[in-house]
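The values are calculated or read from the model by the stated rules, or taken from the named source; none is laboratory data. All values reported here derive from a predicted model rather than from experimental measurement. Cβ atoms come from the backbone with ideal geometry, glycine included; neighbour counts cover every protein chain shown.
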Amino acid sequence: MLRTPLINVMTSAAQKAARGLTRDFGEVEHLQVSKKGPADFVSTADKKAEAVLFEELQKARPKYGFLMEERGEIEGSDTSNRWIIDPLDGTTNFLHGIPQFAISIALERDGQIFAAVVYNPVTDEMFAAEKGQGAFLGGRRMRVSARRDMAQSLFSTGIPFLGRENHELFISQLSSVMAVSAGVRRFGAASLDLAWVAAGRYEGFWEQNLQPWDMAAGMLLVTEAGGFVSDLAGGRDMLSRGDVAAGNDAMHQALLKTLRAAKAG
Ligand code: IPD
Ligand code: CA
Ligand code: CA
């Protein structure tokens, strides 16, 4: 287990928020659900989890700022440090009783992601990383997959849905990747998709139209596990562009190449 003061603060906040989420997941049918936009629901569980995370992290580091999915941006007096939080990544899964969702917490320090925790309360898998300290799944150090052949590689992605753009482009990307790989999965929580690349379960992941809180923590998990992360143009603007490709060195490059060809076609 990665045990730095920062990671301790982040994991205990995640565990505390997870208790409420787990309870609510058990009663998912009875949740009060309000409509946020087309096919995009936010549950009371989501807001309660965010409130717990905010309270715990603010208690531990009172000067840090926040960027949260529900409450938005809250500036801190320490402008170098900002928490980027998704209290419930995989809302649609959660509302459908599918046990693939997570709490995602990243600490951005001087514009770079410095620490990350992604926690799936159902499987009790705690993914954690701090810059320069490696990435861990519980007590085990994570390494990205060593597979270097696309034909044997498994990829993960996010399928755009009602209210999201670029359906046509996605179909063309999917058709390019599925034709040359061992398969493509869509599990519905981007933070876990990236964590699973870090854990070597997937060789690569890509998605478009994401928000910073969907990917900030997962990106550091991948790089600290020895992998590579970029935007779809191969640059470093993942958080501002909202698109991301990740993988081991070979599959990250191969994935970018395949996706670029799809765009052209
Ligand atoms: C969503 C999940 C999903 C991704 C969507 C995100 P939410 O986050 O990460 O995998 O495909 O684009 O919006 O809404 O469940 O927090
Ligand atoms: Ca999310
Ligand atoms: Ca969310």
* Any residue at all in region 177-185 that is part of a strand (DSSP E or B) and under 18 Å from the mean Cα position of the chain (by Cα)? -> yes
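Would you check which residues across region 2-29 are polar (S, T, N, Q) and either touching a strand residue (DSSP E or B) at 6+ places or on another chain (Cβ under 8 Å) or part of a loop (DSSP other than H, G, I, E, B) (or both) and list them?
So in region 2-29, the residues polar (S, T, N, Q) come out as 4, 8, 11-12, 15, 22.
Hits for region 2-29 are Thr4, Thr11, Gln15.
What number of residues within region 141-159 satisfy the criterion of being of a type outside the set (Gly, Ala, Ser), touching a helix residue (DSSP H, G or I) at 6+ places or on another chain (Cβ under 9 Å), under 19 Å from Gly218 (Cα atoms) and outside any loop (DSSP other than H, G, I, E, B)? Explain how you work it out, then say what you get.
Here is the first cut: in region 141-159, the ones of a type outside the set (Gly, Ala, Ser) are 141-144, 147-150, 152, 154-155, 157, 159.
Now drop any that are not touching a helix residue (DSSP H, G or I) at 6+ places or on another chain (Cβ under 9 Å), which leaves 142-144, 147-150, 155, 157, 159.
Now drop any that are not under 19 Å from Gly218 (Cα atoms), which leaves 142-144, 155, 157, 159.
Imposing the further condition that a residue be outside any loop (DSSP other than H, G, I, E, B) reduces the set to 155, 157.
The number of residues fulfilling the criteria is 2.
Kindly indicate the residue of region 94-106 that is within 13 Å of the chain's Cα centre (by Cα) and hydrophobic (A, V, I, L, M, F, W, C) and also nearest to Ala17 (Cα to Cα) among those meeting that condition.
Restricting attention to region 94-106, the residues satisfying the condition of being within 13 Å of the chain's Cα centre (by Cα) are 100-106.
This time we only want the ones that are hydrophobic (A, V, I, L, M, F, W, C), so: 101-103, 105-106.
On the way: Phe101: 13, Ala102: 11, Ile103: 8, Ile105: 11, Ala106: 15 Å.
Checked region 94-106; the qualifying residue nearest to Ala17 (Cα to Cα) is Ile103.
Kindly indicate which of Ala179, Ala217 is crowded, with 23+ Cβ neighbours inside 10 Å and over 16 Å from Thr91 (Cβ atoms). Break it down stepwise before answering.
Working: Ala179 fails: crowded, with 23+ Cβ neighbours inside 10 Å.
Result of the check over Ala179, Ala217: Ala217.
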* Out of all the residues in region 54-99, which are in contact with a strand residue (DSSP E or B) (Cβ under 9 Å, 6 or more places away or on another chain), in contact (Cβ under 8 Å) with a residue 60 or more places away in the chain and away from ligand 2 (no atom under 12 Å from the Cβ)? -> Leu67, Leu95, Pro99
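What residue, among those in region 73-115 that are assigned to a loop (DSSP other than H, G, I, E, B) and within 12 Å of ligand 3 (Cβ to nearest atom), is surrounded by the fewest Cβ atoms within 10 Å (Cβ to Cβ)? Outline the logic, then answer.
Filtering region 73-115 for residues assigned to a loop (DSSP other than H, G, I, E, B) gives 75-77, 90, 96-101, 110-111.
Next, only the ones that are within 12 Å of ligand 3 (Cβ to nearest atom) stay: 90, 101.
Working: Gly90: 25, Phe101: 28.
My answer is Gly90.
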* Scope region 232-265; condition under 21 Å from Val117 (Cα atoms) and crowded, with 18+ Cβ neighbours inside 10 Å; matching residues -> Met238, Leu239, Asp243, Val244, Ala245, Ala246, Gly247, Asn248
* **Check on Leu162, in contact with a strand residue (DSSP E or B) (Cβ under 9 Å, 6 or more places away or on another chain), in a loop (DSSP other than H, G, I, E, B) and at pLDDT below 95** => yes
* Asked: Does region 188-214 hold any residues that are surrounded by fewer than 24 Cβ atoms within 10 Å (Cβ to Cβ) and either of a type in the set (Phe, Trp, Tyr) or farther than 20 Å from Ala261 by Cβ (or both), and which are they?
  -> Gly188, Ala199, Gly200, Arg201, Asn209, Leu210, Gln211, Pro212, Trp213
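Taking Phe54, is it modelled with pLDDT under 95, part of a helix (DSSP H, G or I) and in contact with a Phe, Trp or Tyr (Cβ under 8 Å, 6 or more places away or on another chain)? I'd like the intermediate steps shown before the answer.
On the way: modelled with pLDDT under 95: no; part of a helix (DSSP H, G or I): yes; in contact with a Phe, Trp or Tyr (Cβ under 8 Å, 6 or more places away or on another chain): yes.
In short, no.
How many residues does region 165-187 contain that are without any contact (Cβ under 8 Å) to a residue 12 or more places away in the chain and in contact with a strand residue (DSSP E or B) (Cβ under 7 Å, 6 or more places away or on another chain)?
Quick first cut of region 165-187, residues without any contact (Cβ under 8 Å) to a residue 12 or more places away in the chain only: 167-168, 171, 178-179.
Remaining after also requiring in contact with a strand residue (DSSP E or B) (Cβ under 7 Å, 6 or more places away or on another chain): 178.
Total meeting the criteria: 1.
Please state which one of Ala45, Ala49 is at pLDDT below 95, in the same structural domain as Val117 (by TED's automatic domain parsing) and crowded, with 17+ Cβ neighbours inside 10 Å. Talk me through it step by step, then tell me what you get.
On the way: Ala49 fails: at pLDDT below 95.
Within the list Ala45, Ala49, the selection yields Ala45.
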* Asked: With (1) away from ligand 2 (no atom under 16 Å from the Cβ); (2) in contact with a Lys or Arg (Cβ under 8 Å, 6 or more places away or on another chain); (3) under 23 Å from Gln208 (Cα atoms) as the list, and Met150 as the residue in question, which single condition is left unmet?
  -> (2)
* Asked: How about region 74-93: which of its residues are touching a Phe, Trp or Tyr at 6+ places or on another chain (Cβ under 8 Å) and over 18 Å from Lys16 (Cα atoms)?
  -> Ile74, Gly76, Asp78, Asn81, Arg82, Gly90, Thr91, Thr92, Asn93
